1. For segment 251-296, how many residues meet the condition of being open to solvent by 60 Å² or more (accessible area, probe 1.4 Å) and not in a loop (DSSP other than H, G, I, E, B)?
2. Kindly state which strands (runs of 3 or more DSSP E) lie completely within segment 128-229 and contain at least 2 residues that are open to solvent by 10 Å² or more (accessible area, probe 1.4 Å).
3. Give all pairs with beta carbons closer than 9 Å in which a residue from segment 54-68 that is more than 16 Å from Asn216 (Cα to Cα) and at pLDDT below 80 meets a residue that is of a type in the set (S, T, N, Q) and in a loop (DSSP other than H, G, I, E, B); count only pairs at least 6 apart in sequence or on separate chains.
4. Please identify the pairs in which a residue from segment 269-288 that is of a type in the set (Asp, Glu) has its Cβ atom under 6 Å from the Cβ atom of a residue that is surrounded by 15 or more Cβ atoms within 10 Å (Cβ to Cβ), counting only partners at least 6 apart or on another chain.
5. Looking at the structure I just gave you, is Val122 open to solvent by less than 60 Å² (accessible area, probe 1.4 Å) and assigned to a strand (DSSP E or B)?
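The values are calculated or read from the model by the stated rules, or taken from the named source; none is laboratory data. If you're wondering where the values come from, they're calculated on a predicted model, not measured in any experiment. Reconstructed Cβ throughout: ideal geometry from the backbone, glycine too, with neighbour counts over all protein chains shown. Heavy atoms of the whole protein, side chains included, go into the accessibility calculation; ligands, DNA and RNA do not. Shrake-Rupley method; radii C 1.70, N 1.55, O 1.52, S 1.80 Å.
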Amino acid sequence: SPPGVVSAPPAPPATAAAAAASIKLSLGRVAASRAGAGVGVGGDGSAGPSKVPKVAVKLLCPVAQPLHSPSDPAPTPFISTKGARCLVLDNDETTGAYQLGSLLFSMFLNLCATHPPVDLFVDNYLKKGGARPGLVQLIQTAAELKANGRIDHIVVWTAASNRNGWVTFLSQCLERLSGVAPGTIDRVLTCEHSSKRHRTGRVIKDLRLITTDTSNIVMVDDKPAFVQHGRVIQVNEYNQHVPIEALVEGMPCSEENKHVARRALVQDQLVNPPSAEDQRGDTELFQVAHMLRKLF
């Protein structure tokens with residue numbers, strides 16, 4: 001799907017068995033995404049332990065190959081072959097903990113034939129810890145800089161799939177949460193746009209895919225080892241657990257389909273045990289928002 005376009009929701013499953021199969025597929029995608037997100041990296045980008053030491057929020061300027069190296073040609077950019085002032089935000093574990101949110105979204109699509117209401121998702125998932133503390137201030141700061149002509153584009157770039165519309169739905173919810181105008185996040189890049197892969201299978205975010213001249217791009221990411229050709233503000237992983245049992249019980253579907261959803265949630269939590277760390281006091285995105293005023 002092109003950036004900013006939400007895919008049409010799939011037709012409702014004909015039976016609970018079909019719904020269960022569909023949710024199982026969704027669980028597989030969520031589990032695969034989590035498995036990738038939980039792999040730490042060494043200094044050379046190699047796979048390492050899932051637990052990595054805490055780092056200070058800091059601006060990194062990775063050493064990159066020359067822009068037009070024959071061995072690493074610049075891709076055709078989505079925004080411009082020239083420079084543009086862009087803030088690029090990673091999603092998962094950077095701006096929030098969205099794993100169970102994406103599962104809930106898949107449940108709604110497959111079992112209720114609709115996505116969750118935006119206000120429901122904002123009030124009962126993002127505000128309950130799904131959104132990282134300071135995210136509202138970060139997006140509001142970026143929107144202010146954009147309105148004042150100091151930023152040209154606010155971009156979300158995630159390794160997650162947007163095949164079912166999840167990433168654009170989440171971007172719309174983040175705008176609603178932050179109280180900024182729809183379209184403030186004006187570009188969405190996902191795994192469907194990302195052809196470059198590390199040997200571990202992870203998406204490599206070559207910032208030249210946004211603009212060929214990346215001198216005015218700043219990305220915020222918890223895994224800077226997988227970002228190339230640009231500056232990165234490194235933050236630690238955010239994995240706050242947000243229970244969704246009550247949201248599952250409130251889904252507008254049959255009791256039979258709710259049973260499918262309950263089983264899917266239990267299965268997911270067995271495969272991906274919730275984090276026990278309470279990160280509600282996290283301050284890193286507040287620091288990032290302050291840094292943006294100096295960088296743009």
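1. Qualifying residue count for the region: 14.
2. The strands (runs of 3 or more DSSP E) meeting that bar are 211-213.
3. Partner pairs satisfying both residue conditions: Val55/Asn236; Gln65/Ser71.
4. What qualifies is Asp282/Pro133; Glu284/Val57; Glu284/Val235.
5. The answer is no for Val122.
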